[in-house]
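Below: the structure, in structure tokens.
Derivation of every value follows stated rules applied to the coordinates shown; laboratory data play no part. This structure is a prediction, so every number in the text was calculated from the model and none was measured. Heads up, the Cβs are rebuilt from the backbone with ideal geometry, glycines too, and the neighbour counts pull from every protein chain shown.
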Amino acid sequence: MLIEFICNGQPIEVDVPADMRALDLIRDELGLTGTKCGCSKGECGACTILVNGLPECSCLLLAPKLQGRKITTIEGLEGPGRKLHPIQEAFLEEGAVQCGFCTPGMILSTKALLDRCPSPTVAEIEEGLSGNICRCTGYTKIVKAVQSAALKLNGTNL
Amino acid sequence: MRYFQPEMLKDLLLILDHEDNCMIIAGGTDLVIYLQDTVKKPDSLIDVTNVKDLIGIKKEKSGITIGSATTISNIAASNILPECLRNGAGSIGSPQIRNLATIGGNICNASPCGDTLAPLLSLKADFLLQSVNSERLVPADQFFIGPKKTVMQSNEILSEIRISSKYLDGISDFKMIGQRNGQVISQVNLAIWLKTVESTNIIKEIRISAGSVAPTPVRITKAEELLCNKVPTTELILEAAKLVQSGICPIDDVRSTAVYRKDVIAGLFQDIMTHLLNN
């Protein structure tokens, strides 16, 4: 079936099988491999994308459901001139990235959290990232990176 | 495979009536995993999440009506819904799953561990089932007939969940035990709704329901009967906790053991009762 949606600001028109996952469309058809395929069961959060601003598991989302929606993948966070987003900068500065596999999902969950809640408490950060599993860092540096990103973004907005 | 995305309820019901070997998809958080793994794929999928009449939470004089395609996130965030239902919804999966999953999907999937099911039993919810030429209202406690089995016919959809105003006037809570806080499936869950006689601690009416402890979510009526018309002292709550334990028939499975489930449900019961009566 033919679907139309906006991906990272670009209009997309593509023919997809009814049971294709958004994850496979994004990675294999659109070539946006920043979205990772981890567990394929909605448990690890590595495939997180934003759909109309909300985080969703693209492994549990059928591609036809993207019809008329706006999605953001990790590639859509970069600013002009490939400038990193403040959340990406914060993750690098705080050493919140080790193997990096969970990072795109972590960053998009962080984006959704900070859009909704610009100065989250640690408990709110833990809740906001509860659908993203990291097997390397132990989360401490990830939580610090979210706090640092919040400061950066709030500073920018003042 | 064909994919239908109707926007009108009447179109949805017509498609459902015409299509053979079809499946209804709401959020798809369970179905998409099934579709990846199965060789028995349906000929068509009918998506209910674009039907506006099936989305939203409406409060009227007679009670609250919840559209079946309302997301679990929106249930968890609604300040007009009773605490037990909000907390049950909030304990499902992760933010990413709650943004996709729907209350209708949680109900119709009829997993014994669905975290909105015990709250809906305790709130005496009714489910409106509609087909192209009929509709019927089924009480929540008559809807589930086994694991993944309900009374729904193949040409019916669950369109609305109704909670009468009587059960909005009272206090309630939900707690579950899982292996961690986020992203977890209940090993045991318990929802209690109660109403006390005005300006006293005497329990006028109480409804206790549990999930993950039997083939379907269950009411624990013996404990309800014990507590009704009494002041719930510590001793009485302990006595009722024993009836809660004997009112369930859990199994050993991948998530937990029957013995553990029987043990912790007593603690969950005492926690919820203490919380409700102290607030």
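The distance linking the range B:233-279 with the range B:134-182 is 21 Å (Cα centroid to Cα centroid, whole angstrom).
Since only B:V197, B:V48, B:Y3 are under comparison, the one whose Cα sits farthest along the positive direction of the charge dipole of the protein assembly as shown, derived from C-beta charges on Lys, Arg, Asp and Glu, is B:V197.
Each residue of the range B:46-56 in turn: what ³J(HN,Hα) in whole Hz from Karplus with 6.51, -1.76, 1.60 and θ = phi - 60°, glycine and Pro shown as x? These are the phi-based 3J(HN,Hα) values: 10, 8, 9, 7, 9, 7, 4, 5, 9, 10, x Hz.
Within a straight-line Cα-Cα reach of under 17 Å, B:K10 can be paired with the following lysines, leaving aside sequence neighbours fewer than 8 residues apart in one chain: B:K52.
P(r) tail for the range B:126-184, what percent of Cα pairs lie past 13 Å?
Here the long-distance tail beyond 13 Å is 72 percent of all Cα pairs in the range B:126-184.
By the rule of a C-alpha distance below 19 Å, with chain neighbours fewer than 8 residues away ignored, the lysines paired with B:K59 are B:K124, B:K166.
Tell me which trypsin sites (Lys or Arg not before Pro) from the range B:1-82 have a DSSP coil assignment and no more than 14 other beta carbons within 10 Å of their own.
The qualifying sites are B:K40, B:K61.
Placing unit charges on the Cβ atoms only, positive for Lys and Arg and negative for Asp and Glu, gives the protein assembly as shown a dipole magnitude near 720 debye about its Cα centre.
The share of alpha-carbon pairs in the range B:1-48 lying farther apart than 18 Å comes to 25%. The Cβ shell under 14 Å around B:W193 holds other residues with a net charge of +2, Lys and Arg each +1, Asp and Glu each -1. What you get for chain B, charging only the Cβ of Lys and Arg (+1) and of Asp and Glu (-1), is a dipole of about 400 debye around the Cα centre. Between B:T196, B:T233, B:T116, the GNM of chain B built on Cα springs shorter than 10 angstrom shows B:T233 fluctuating the most.
Mean-square fluctuations from a GNM of chain A, with a 10 angstrom spring cutoff on Cα atoms, peak among A:P120, A:P80, A:P64 at A:P80. Taking the range B:1-73, which chymotrypsin sites (Phe, Trp or Tyr not before Pro) meet the DSSP loop condition and have no more than 15 other C-beta atoms within 10 Å? Of the chymotrypsin sites (Phe, Trp or Tyr not before Pro), not one in the loops of the range B:1-73 has a Cβ with at most 15 other Cβ atoms within 10 Å.
On the basis of the beta-carbon distance and an R0 of 25 Å, B:N201 and B:S165 show a calculated FRET efficiency of 0.60. Would you mind checking the tilt of helix B:234-246 against the longest principal axis of the Cα atoms of chain B, expressed as 0 to 90 degrees and rounded to 10? Taking the Cα atoms of chain B, the angle to B:234-246 is about 40 degrees. Ignoring the sites themselves, chain A has its longest run without trypsin sites (Lys or Arg not before Pro) in a DSSP loop having at most 11 other Cβ atoms within 10 Å at A:1-82. Look at where the Cα atoms of the range A:129-146 and of the range A:31-78 average out, and the two centres are 19 Å apart. What aspartates and glutamates sit close enough to A:K141 to cross-link, taking a C-alpha to C-alpha distance under 17 Å and skipping anything fewer than 8 places away on the same chain? Within the straight-line limit of under 17 Å, A:K141 reaches these aspartates and glutamates: A:E89, A:E93, A:E94, A:E124, A:E126, A:E127. Shielding of peptide A:42-55 by partners, expressed as the average count of other chain Cβ atoms within 10 Å per residue Cβ, is 4.
Sparsely packed loop sites in the range A:11-77 (the GluC sites (Glu not before Pro) outside DSSP H, G, I, E and B with at most 13 other Cβ atoms within 10 Å) do not occur. Helices assigned as whole DSSP H runs in chain A whose Cα atoms extend at least 15 Å along their own long axis and whose mean Kyte-Doolittle hydropathy is -1.0 or higher are found at A:103-116, A:140-157.
Counting only other chain Cβ atoms within 10 Å of each residue's Cβ, the peptide B:27-38 averages 5. When the protein assembly as shown is described by a simple charge dipole with +1 on each Lys and Arg Cβ and -1 on each Asp and Glu Cβ, the residue from B:A118, A:F5, A:L108 located farthest towards its positive end is B:A118.
Tell me the net charge near B:I272. Cut-off is 13 Å between Cβ atoms, B:I272 excluded, with +1 for each Lys or Arg and -1 for each Asp or Glu. Its environment carries a net charge of -1.
Remark on chain A: Rg and Dmax equal 15.3, 46 Å (Cα only). Net charge in the neighbourhood of A:V146 (other residues with Cβ under 11 Å of its Cβ; Lys, Arg +1, Asp, Glu -1) is +1. Note on chain B: GNM, Cα springs under 10 Å; of B:G67, B:G114, B:G28, the largest mean-square fluctuation is that of B:G28. The long axis of helix B:258-278 is offset from the longest Cα principal axis of chain B by roughly 70 degrees.
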